[in-house]
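Here's the structure we're looking at; comments come further down.
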Amino acid sequence: MKALVRRNYGGPERILLQDVPQPEAAKNEVLVKVHCNTISRTDCGILGGKPFIFRFFVGWPKPRNPILGSDFAGEVVEVGPEVKGFKPGDHVFGFNDEGLGSQAQFVKIKESAAISHIPGQKSYVDALCCAEGAHYALTFLRPLNLVKGSKVLVIGATGAIGSAAIQILRARGIRIDAVGPASHRDYWQEKGVESYWDYKTEDFRKSSKKYAHVLDAVGKSSYFQCRHLLNHGGAYVSSELGPYASNVWLALLRPFMQKSKVYFPIPKDIPGSLKEMHKLLAAGKFKGLVDPLKIRPEKAEDAYHYACSGQKIGNLIMHWDQE
């Protein structure tokens, strides 16, 4: 089968599209014919081994799995004899933030891992958008006291995490203001976002508005820049460490913070995230934001350059089928 391979950590120029042996499902595994993946911030981290601590999870001194890819959507083609919840022909999606080797024509995964059926007639792309970015969005929202009717500011509205967070919050009855590129102002306001700031020309930090919580889904702000926007008891959450790892040590100081707090949750429970997103997708309450650029594996190096530069919109999809 064809797969995207790199043997050492580094930039997109290390990626090769190669023939490798097709995996076989073990007794408790599912073999999936991959239709599409995303090229995400997680994949860029796995490619480069950055931040450095990432290498303790994905392999040291070299990548544990030479095949790239952390998510997939596709069709089950084989199941092991102990597998009970899946059968050939099922449409499924899955994710592992330590890598799956899924940027290939086929991938195998344990039934007990983070794999879920695709509900109803939803497409592979619809389901794939419920994986990486949505999992991190749920991670950052879990510690927050989200009261229906309260208002949250989401910074990074067109990223995979931010775009997922907006829809998850809207499904829970939370009011949203957002920060993102001007090109998506109408898109989000049509979906219920109340106020929208163009991050290039409008400074949301000068606003007099107050929020129950602020979620920075791109790590472009800091608690100290945003704390005046928080209601008493509100919380700031970011997807990045922050200047001088401030989000980490501020989260450790949270018990001593009186007016507002900082959370820096560690991503976990991917199966739980997929289960929750399955429900939202099935109920028609989630539609992933997809980058208009369509990627084939032959253009993986260019696509990784694009994704790692931070320019992508929502979910950047790479297609392995011919559709």
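The values are calculated or read from the model by the stated rules, or taken from the named source; none is laboratory data. Just so we're clear, the structure is a prediction, and the values are computed from it rather than from any experiment. Cβ placement follows ideal geometry from the backbone for every residue including glycine, while neighbour counts extend to all protein chains displayed. For accessibility, only protein heavy atoms count, side chains too; no ligands or nucleic acids. Shrake-Rupley method; radii C 1.70, N 1.55, O 1.52, S 1.80 Å.
Here are the numbers for the structure shown:
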{"quantity": "Loop-resident sites, the range 17-89, for GluC sites (Glu not before Pro), counting at most 13 other Cβ within 10 Å (DSSP)", "calculated": "24, 82"}
{"quantity": "The chain - Cys residues lacking any other Cys C-beta under 4.7 Å", "calculated": "36, 129, 130, 226"}
{"quantity": "Two-decimal Rg to Rh for the chain - Kirkwood Rh, Cα set", "calculated": "0.97"}
{"quantity": "Shape parameters for the range 1-148, alpha-carbon atoms, Rg then Dmax in Å", "calculated": "15.8, 52"}
{"quantity": "Cα-based reach from residue 87 at 14 Å (exclusive), listing aspartates and glutamates while leaving out same-chain residues under 8 positions away", "calculated": "29, 75, 78, 111"}
{"quantity": "Mean accessible surface per residue for the range 148-188, computed with a 1.4 Å probe while every protein chain stays in place, in Å²", "calculated": "29 Å²"}
{"quantity": "Protein accessible area in the range 194-323, 1.4 Å probe - carbon and sulfur %", "calculated": "55 percent"}
{"quantity": "Across 50/151; 200/261; 151/279; 50/84; 122/268, pairs whose alpha-carbon gap is larger than 32 Å", "calculated": "50/151; 50/84"}
{"quantity": "On Cα atoms only, tilt of 132-141 relative to the major axis of the chain in degrees", "calculated": "30 degrees"}
{"quantity": "Accessible surface ranking that places the most exposed of 9, 211 first, with a 1.4 angstrom probe", "calculated": "9, 211"}
{"quantity": "The range 127-144-the range 232-251 distance, computed between alpha-carbon centres (Å)", "calculated": "18 Å"}
{"quantity": "Nearest-ten-degree value, helix 270-282 long axis tilted from longest Cα axis of the chain", "calculated": "80 degrees"}
{"quantity": "Rounded to 10°, Cα long-axis angle of helix 160-171 versus longest principal axis of the chain", "calculated": "70 degrees"}
{"quantity": "Solvent-accessible ranking of 129, 308, largest area first, probe 1.4 Å", "calculated": "308, 129"}
{"quantity": "Accessible area (Å², per residue) of the range 14-133, counting only protein heavy atoms and a probe of 1.4 Å", "calculated": "44 Å²"}
{"quantity": "At R0 = 22 Å, FRET efficiency that the Cβ-Cβ distance of residue 206 and residue 186 yields, to 0.05", "calculated": "0.45"}
